[in-house]
Amino acid sequence: MRRHILSFAALLAVIMLTASCGAQKKGASGTESGPSASQWRSGIKGTWVLNSVTRENIPGAYTVKNIFDEAPVDCFIGSVWNLPGGNYRGSITFNTSGTLCANGAVRTIIWDVYNPKDAGEQPQFQFKKLYAGDKASNVTSGYRMDLSYANEESLVMRMPIPLDNGVTGYLVFNYSKQK
């Protein structure tokens, strides 16, 4: 009897640990209900390093000149994304040198997780850049990325890239948690 109780307690602990591991990947078909915006928000808080950006359904000949109206994709590799809770005032710190890269530059951002009104849509990571003297309420343009996966160690977001003939490709951002 005691052995059964210990086995049950261990199983319950594993289930609770698994359930509390933050936001997880939504179903491939997109029909499964994924994590809520607040679950995503909790799952992506922290400091992340952008390890790589891969291309999904983007032809090799297609050139992406810059992202976020800032710099080429390569300039973002190694950047540190600070996404704290509270007022969601974070930053992106660049750590790559190059012709168009600003090593050591810091961009202040306001971030959140967009919660769509339509039941079929999934929450998205959104942010807007703030420059010196800007108030977040006065900045009307920003950026959104699809949230694919988050746990204690990694984060994956996908940026839609409109291509010819109404086709959409994606830049896939792969982050690791900074310790």
Is segment 151-162 home to any residue that is over 17 Å from the mean Cα position of the chain (by Cα) and charged (D, E, K, R)?
-> no
Contacts under 7 angstrom Cβ, first residue in segment 64-83 being closer than 23 Å to R41 by Cβ, partner not in a strand (DSSP E or B), 6 or more apart = I67/V73; I67/F76; S79/F94; S79/N95; V80/N95; V80/Q178; L83/I44; L83/K45
Of (1) closer than 24 Å to G43 by Cβ; (2) in contact with a strand residue (DSSP E or B) (Cβ under 8 Å, 6 or more places away or on another chain), G86 satisfies every one except (2)
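Among the residues in segment 99-109, are any surrounded by fewer than 17 Cβ atoms within 10 Å (Cβ to Cβ) and under 20 Å from R55 (Cα atoms)?
No; the residues of segment 99-109 include none that is surrounded by fewer than 17 Cβ atoms within 10 Å (Cβ to Cβ) and under 20 Å from R55 (Cα atoms).
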Look through segment 131-149, keep the residues that are among the hydrophobic types (A, V, I, L, M, F, W, C) and over 21 Å from G78 (Cα atoms), and return whichever of them is surrounded by the fewest Cβ atoms within 10 Å (Cβ to Cβ).
-> A132
Go through (1) among the aromatic types (F, W, Y); (2) closer than 30 Å to K135 by Cα; (3) at pLDDT below 50 one by one and return the number of the condition F8 breaks.
-> (2)
Kindly establish whether S52 is surrounded by fewer than 18 Cβ atoms within 10 Å (Cβ to Cβ) and under 12 Å from Y175 (Cβ atoms).
-> yes
Any idea which residue in segment 16-41 is surrounded by the fewest Cβ atoms within 10 Å (Cβ to Cβ), counting only those that are charged (D, E, K, R), modelled with pLDDT under 90 and within 16 Å of the chain's Cα centre (by Cα)?
-> K25
Those residues of segment 150-179 which are surrounded by fewer than 18 Cβ atoms within 10 Å (Cβ to Cβ) and of a type in the set (S, T, Y) amount to S154, T168, S176
Report, ordered by the first and then the second residue, all pairs with beta carbons closer than 6 Å, sequence separation of six or more or different chains, a first member in segment 37-62 that is farther than 28 Å from D118 by Cα and touching a residue at least 60 places away in the same chain (Cβ under 8 Å), and a second member that is β-branched (V, I, T) and assigned to a strand (DSSP E or B).
-> V49/V80; T54/V172
Filter segment 126-168 down to residues that are farther than 24 Å from V49 by Cβ and of a type in the set (G, A, S) and give me whichever is modelled with the highest pLDDT.
-> S141
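The values are calculated or read from the model by the stated rules, or taken from the named source; none is laboratory data. From a predicted model like this one, the values you see are computed outputs, not experimental measurements. Backbone-built Cβ (ideal geometry, glycine too); neighbour counts: all protein chains shown.
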